[in-house]
Amino acid sequence: MLTPWISLGAGGHAASAAHALAGVAELVAVVGLSTRDWSVDVLESDSAAVAMAQQHDLRIVVTIGDNRRRLEVLDQIPAALLLSAAALTSTVSPDVVLGGSSVVFHHAHVGPGARVGRGVIVNTAAVVEHDVTLGDGVHVAPAAVVLGAATVGAGAFVGSGARILPGVTVGAGAVIGAGAVVTRDVPDNVSVLGVPARERHRFERTTS
Ligand SMILES: CC(C)(COP(=O)(O)OP(=O)(O)OC[C@H]1O[C@@H](n2cnc3c(N)ncnc32)[C@H](O)[C@@H]1OP(=O)(O)O)[C@@H](O)C(=O)NCCC(=O)NCCS
């Protein structure tokens, strides 16, 4: 039997997550405003979802696209209710334990020795190579590549098609522009762009 789950989120990322988990887990309800035809129950609040999950032994995935918001919501959900899962078309090394509410999308790869925190998105066709560490709330966007033993700090965003070279550390809350090639460490809360990636600006907020 497929694990029944509730999506906390009903936007584009929720739809992508539901598609990724087809055949792995069965979506039974969503929370959030949406014009999409979900063809499942639409619940009014996160607390209603938690109550339903506890009553019927369902699992929850937080599918909010914004990294910081996803983690904030995730922190309110009992850990035992969280589902983490990988698409049938993905290749996740058997030694990898995905943190709660982390999802590996279609055709993505997570190599041996990788550590994947909570609320992580490994998006379509992204590659997370051996011994990489992805902190809580990281999003590796479609077709981005994080090479061997690199580290991506909590809440960081790796844009589509970007490459993080082996052993490089991307700081918490950093934003890596689409297509960037990151050849050296990126401080926390900094945005970098280009090939090789150069700093664009430093965010005023922190992610912790
Ligand atoms: C890096 C990024 C976050 C910057 O967004 P932004 O702050 O809104 O930046 P803007 O669109 O205002 O662009 C600012 C400047 O940077 C340039 N720029 C933006 N993104 C760039 C990129 N990835 N690489 C190189 N230059 C880029 C723009 O051309 C613009 O240059 P200009 O000032 O000379 O006109 C965004 O462009 C990006 O790459 N996002 C990744 C999207 C993605 O992968 N989504 C996946 C969703 S699943």
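Here are a few things to note about the model shown:
- For Val31, net neighbour charge (Lys/Arg +1, Asp/Glu -1) across residues whose Cβ lies under 11 Å away: -3
- Taking Lys and Arg as +1 and Asp and Glu as -1, the other residues whose beta-carbon sits under 11 Å from that of Pro166 total -1.
- Shape annotation for region 3-81: C-alpha extents along the principal axes are 27, 26, 23 Å, from largest to smallest.
- DSSP bridge pairs, region 3-81: antiparallel proportion in percent, nearest 5: 0 percent
- Dipole axis of the chain (+1 Lys, Arg; -1 Asp, Glu on Cβ), positive-most option in Ala25, Ser90, Met1: Ser90
- Computed log10 I(q)/I(0) for the chain at 0.10, 0.15 Å⁻¹: -0.39, -0.86, from the Debye equation with unit scatterers placed on every C-alpha and solvent omitted.
- Cα centroids of region 92-136 and region 3-64: 21 Å apart.
- Candidates Ser84, Ser160, Ser45: whichever shows maximal mean-square fluctuation once the chain is modelled as a Gaussian network with Cα springs under 10 Å: Ser45
- Computed [θ] at 222 nm, deg cm²/dmol, the chain (DSSP H ≥ 4; -39,500 (n - 2.57); rounded to nearest 500): -4000 deg cm²/dmol
- Förster radius 30 Å - calculated FRET efficiency between Gln54 and Leu2 (Cβ-Cβ, nearest 0.05): 0.95
- Surrounding net charge for Thr183, when Lys and Arg each add one and Asp and Glu each subtract one, Cβ distance under 11 Å: +2
Quick note: the coordinates plus some simple rules give every number you see, no bench work behind them. No experiment lies behind these values; they were computed from the predicted model shown. Positions of Cβ are generated from backbone atoms using ideal geometry, with glycine treated the same way; all protein chains shown enter the neighbour counts.
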